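The structure under discussion appears below in the form of structure tokens.
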Amino acid sequence: MKQNKKLWGGRFTEPTSGITEKISASIHYDARLYGQDIRGSIAHAKMLKKAGILSATELESIISGLGQIQKEIEAGSFRFDASLEDIHMNIEACLTERIGEAGKKLHTARSRNDQIALDLRLYLKDESKEIQIKLKELTLLLVNIAEDNLDIVMPGYTHMQIAQPVRFSQHILVYAQQLLRDLTRLENASLACGSMPLGAGALAGVNYLTDREFLSNELGFSDITHNSMDTVSDRDFILDFLYFASVLGMHFSRLCEELILWSTSEFEFIRLSDKVTTGSSIMPQKRNPDVAELVRGKTGRLYGNLLSLLTMLKGIPLTYNRDLQEDKEPLFDSVDTVRMAIEGIHEMLSSMKINKEKMLSSVFRNFSTAVDLADYLVKKGVPFRESHEIIGSIVQYCEKNNADFFKLSIDILKDFSKHFSDDAIEKLDPTSSPERKESSGSTSKSEIIKQIEHIKSSLDKCHSKN
Ligand code: ARG
């Protein structure tokens, strides 16, 4: 009489329609969870043995059957079947086909609802660890670039207008500071995956005295989840990761934007290597910064993935609903995008050439030391507002008479204020301007060295706690 061959087909009299299979299938993307799914099943089987539900021989054949399946998946010889919907049922069906009875017992005291909650947490913990390593390497690369180029002075900008001279290192370390904050966000996202969900069952818990603490230890968690209904409904830990990925993407996009600008013939502050640029099919002279543009462009999908999951979650009643299956594609896409972007940026930064001369010559522009001159007068007792006004008039004078601000003579300065004396001239020099900064966190050499030490020690302290 039975018409439906699915693992759950007992109560069905008709076969599933083609479109239902198509809509339900997730195996084409969730197959990547095979490692976590198998790890979870082995721990679950060990717990079932402990609880007296599986015999030692059954446990043994489950473990070796799953090991065999893992090898085949890794070798590419495993045949996934879309009619089995997802990774959980593909593995379970194959296991049962191979080892018989014992395979059928594996799903005791478990539901796919707590199983997927487990797989996703394990997956994110694994990925977070690897992404953390790569991000730390990238941060260190930025620090090395800053350390190797401490003496380069360049224009600092506000409103995209030359504002004050800064050290190139200070500019580059901004990106290291951003990454340090990204690393904290990543760590928090990883901590959000820290509670072990198995034992929640479909939603209400299970009718067996499962040893959740044992499972938690076995799978490397620091805690267990505390509400079975919350456990199968919660995807906050994925949102946390997607938020981390969005902010990281925004930081990367800003960095790429600068690499693009700096490599234009208008700026010429850097030259990106041939390894990360591409040619034009019509203009033979072109070298386009495509890697930077694409990483900048990919930020859109990182934001989109976060928004897509937030939107998917907002109307779902408790507890598990199949909508939740739609969490995976945005997650996987963000993981892949983040990994690709980190690698692309690493490649661009490690191979770029810095044009020290061009940076330096650009700093002799737009009255970049006007504040230094104003502060000179302040230190001679002129109130700042008054001094600001005086320097403003000097700027106006230069513009009107086409005079070079950086080469003004002391006689001219004295026409604007009696407080100027010979030592004022050196304040006009942009190359020594960064060293005049006295505040902590400023662009003076000693402060940058302190900053570098601080970043290095923060990186040393940053370990994945999960
Ligand atoms: N593939 C499903 C998902 O990703 C697994 C859970 C399905 N549970 C169910 N009762 N249909 O969410």
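List of remarks:
- Tallying residues that are surrounded by fewer than 19 Cβ atoms within 10 Å (Cβ to Cβ) and closer than 18 Å to residue 346 by Cβ within the range 149-179 yields 3.
- Boolean, residue 309 is surrounded by 14 or more Cβ atoms within 10 Å (Cβ to Cβ), touching a Lys or Arg at 6+ places or on another chain (Cβ under 8 Å), modelled with pLDDT of 95 or more and more than 20 Å from residue 173 (Cβ to Cβ): yes
- Residues that are crowded, with 17+ Cβ neighbours inside 10 Å, assigned to a helix (DSSP H, G or I) and hydrophobic (A, V, I, L, M, F, W, C) within the range 379-397 comprise 390, 391, 394, listed in sequence order.
- Long-range neighbours under 7 Å by Cβ, at least six apart or interchain, first residue more than 9 Å from the ligand (Cβ to nearest atom) within the range 304-330, second part of a loop (DSSP other than H, G, I, E, B): 309/235; 313/235; 319/203
Every residue, every condition in (1) hydroxyl-bearing (Ser, Thr, Tyr); (2) in a loop (DSSP other than H, G, I, E, B); (3) modelled with pLDDT of 95 or more; (4) more than 30 Å from residue 292 (Cβ to Cβ), yes or no:
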position	(1), (2), (3), (4)
202	no, yes, yes, yes
230	no, no, yes, yes
250	no, no, yes, no
268	no, yes, yes, no
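- Subset tally (residues that are surrounded by 19 or more Cβ atoms within 10 Å (Cβ to Cβ) and assigned to a helix (DSSP H, G or I)) for the range 334-370: 14
- Taken over the range 366-401, the criterion of being of a type in the set (Lys, Arg) and in contact (Cβ under 8 Å) with a residue 24 or more places away in the chain is satisfied by 380 alone.
- Any hit, the range 51-72, residues being within 16 Å of the ligand (Cβ to nearest atom), in contact (Cβ under 8 Å) with a residue 40 or more places away in the chain, of a type in the set (A, V, I, L, M, F, W, C) and not in a helix (DSSP H, G or I): no
- For the range 182-197, filtered to residues that are in contact (Cβ under 8 Å) with a residue 60 or more places away in the chain and part of a loop (DSSP other than H, G, I, E, B), the residue that is farthest from residue 216 (Cα to Cα) is 193.
- For the range 105-129, the tally of residues that are within 14 Å of the ligand (Cβ to nearest atom) and of a type in the set (Gly, Ala, Ser) stands at 2.
- Scanning the range 14-45 for residues that are farther than 22 Å from residue 214 by Cβ and small (Gly, Ala, Ser) gives 17, 18, 24, 25, 26, 31.
Here is a yes/no grid of residues against (1) in contact with a helix residue (DSSP H, G or I) (Cβ under 7 Å, 6 or more places away or on another chain); (2) outside any helix (DSSP H, G or I); (3) surrounded by 12 or more Cβ atoms within 10 Å (Cβ to Cβ):
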| site | (1), (2), (3) |
| --- | --- |
| 435 | yes, no, yes |
| 442 | no, yes, yes |
| 447 | no, no, yes |
| 459 | yes, no, yes |
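- Top-ranked residue of the range 81-102 - restricted to ones that are within 16 Å of residue 59 (Cβ to Cβ) and under 39 Å from the mean Cα position of the chain (by Cα), ranked as nearest to the ligand (Cβ to nearest atom): 92
The values are calculated or read from the model by the stated rules, or taken from the named source; none is laboratory data. No experiment lies behind these values; they were computed from the predicted model shown. Here the Cβ is made from the backbone with ideal geometry for all residues, glycine too, and neighbour counts use every protein chain on show.
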